1. Ordered by packing density, taken as the mean number of other Cβ atoms within 10 Å over each peptide's residues, highest first, how do 48-58, 201-211 rank?
2. To the nearest 20 Debye, how big is the dipole of the chain about its Cα centre, given +1 on the beta carbon of each Lys and Arg and -1 on that of each Asp and Glu?
3. Of all the accessible heavy-atom surface of the chain, with the other protein chains kept in place and a 1.4 Å probe, what percent is carbon and sulfur?
4. Put a dot 7 Å past each Cα toward the Cβ at Tyr222 and Ala189; how far apart are the dots in nm?
5. Of all trypsin sites (Lys or Arg not before Pro) in segment 80-161, which ones are in loop regions per DSSP and have a Cβ with at most 15 other Cβ atoms within 10 Å?
6. First measure r as the distance between the Cβ atoms of Met97 and Ile119, then evaluate 1/(1 + (r/R0)^6) with R0 = 41 Å and state the FRET efficiency to the nearest 0.05.
7. For the ranges 60-71, 127-138, what's the packing order if you count other beta-carbon atoms within 10 Å of each residue, average per peptide, and put the highest first?
8. Past 32 Å, Cα to Cα, is the threshold; run Lys41/Lys219; Lys16/Lys166; Lys59/Lys141 against it and keep the listed order.
Amino acid sequence: MSGDRLWTQMYEIGTKSVPVIMVTGAFVAMTLAVQSYAQLKNMGVEERLGSLINISVVKELGPVLAACMLAGRVGGALTAELGTMRVTEQIDAIRAMGSDPIRYLVWPRFLACVLLTPILTLYADVMGVLGGYAICVWHFKINSEAYWRFSADIVENWDILVGFSKGLFFGAGIALISCYKGFHCDRGAHGVGRACTEAFVSSFLAILILNFVLAVITKAIYATFWDIGMLI
């Protein structure tokens, strides 16, 4: 696998996705703050709004929404690119020249998605934390020290690790589904368009299913090690 192809895909998949991922993370957290403030204020615990926002963003909303945005932006582009190459018989030409199209076309895209989706998830998390801070402290006048203190009490390193690890699985799912749909699309522009639609829908469903499975697994792992820690 050529390093140039990998770096090209990392730029297309990672660097160009940073703005939309950052905007997504920020506005999701800001919206969550606006929607949750009234309920917490009625209970007299509005200072804990930061912990609610940050645990939600870091553990669930950040990884899932970042992956969904990548499924639309990156997954669609991968499917369209490979589908067009199939329709125009470029994949057959690569195979005829003795090269493996999976290694030449799929592997750089797959590796770039797996490596960069967790990093993009961290971008979404950071912007979510800052967006929540802006609304809580600047708009709702919640004490800044309380925002960070309660957030630090709730969000553990484990939660950050869980969100990061989800990005690995989501990136792998998006890449595999998108490349498969591109390689097996029907002939013509209609076939490419339908493959892009199927790739996004399948990726979205895969993200939701993986999120549930990973939530169950990570919860069981955490409970097991927590119980061991309590016994020790």
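The values are calculated or read from the model by the stated rules, or taken from the named source; none is laboratory data. On a predicted model such as this, the values are computed, not experimentally measured, just so you know. Because the Cβ atoms are built from the backbone with ideal geometry, glycine has one as well, and the counts that use them run over all protein chains shown. Just the protein is used for accessible areas: all its heavy atoms, side chains included, with ligands, DNA and RNA removed. Shrake-Rupley method; radii C 1.70, N 1.55, O 1.52, S 1.80 Å.
1. 48-58, 201-211
2. Dipole size: approximately 340 debye.
3. Numbers: 8300 of 12120 Å².
Here carbon and sulfur together make up 68 percent of the probe-accessible area.
4. Simple spin-label model gives 4.9 nm for this pair.
5. Lys141
6. Result of the calculation: an efficiency of 0.75.
7. Details: 60-71: 24.9, 127-138: 21.0.
Top to bottom by mean Cβ count within 10 Å: 60-71, 127-138.
8. none
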